[in-house]
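Down below is the structure, laid out as structure tokens.
The values are calculated or read from the model by the stated rules, or taken from the named source; none is laboratory data. Not measured: the values here are computed from a predicted model. Heads up, the Cβs are rebuilt from the backbone with ideal geometry, glycines too, and the neighbour counts pull from every protein chain shown.
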């Protein structure tokens with residue numbers, strides 16, 4: 001097994017079919033002691049899945065899926081092109097904001113810089129369950145969510 005590819009709790013991976021998942025942890029089968037990766041989908045119902053570790057870190061079967069460019073079945077997000085430094089700073093800037101209004105203004109100001117990975121992290125940080133769609137559709141859904149939160153935040157006593 002390639003230990004440098006061993007998933008860690010909290011890491012986000014992209015499946016070769018394009019869906020995003022977050023690792024919950026590594027479990028062991030109670031009878032066989034086989035290591036299993038427990039992970040959650042980061043879209044739709046956010047269902048939990050379990051897959052043998054060896055299968056999770058295996059390479060894509062190029063005979064079965066010749067059109068797939070991704071090398072591994074699951075790849076750590078940011079690994080394929082070494083997540084850009086400006087993406088990271090955008091993420092930290094966003095996470096430092098406290099109010100929904102500040103977050104919404106930031107997203108609108110930085111719209112041209114928003115990537116698929118960034119919008120996914122934004123949604124996660126807001127506990128917003130994303131649906132499938134383009135970056136633009138996901139961006140609009142996050143803005144709508146923030147508008148809703150702002151509507152109810154403003155009337156609450158602090």
Test result for residue 93, modelled with pLDDT of 85 or more, exposed (fewer than 12 other Cβ atoms within 10 Å of the Cβ) and in contact with a helix residue (DSSP H, G or I) (Cβ under 8 Å, 6 or more places away or on another chain): yes
Within the stretch 134-155, considering residues that are at pLDDT below 85 and not in a helix (DSSP H, G or I), the one farthest from residue 108 (Cα to Cα): 155
Within the stretch 13-27, considering residues that are within 12 Å of residue 73 (Cα to Cα) and surrounded by fewer than 16 Cβ atoms within 10 Å (Cβ to Cβ), the one nearest to the chain's Cα centre (by Cα): 19
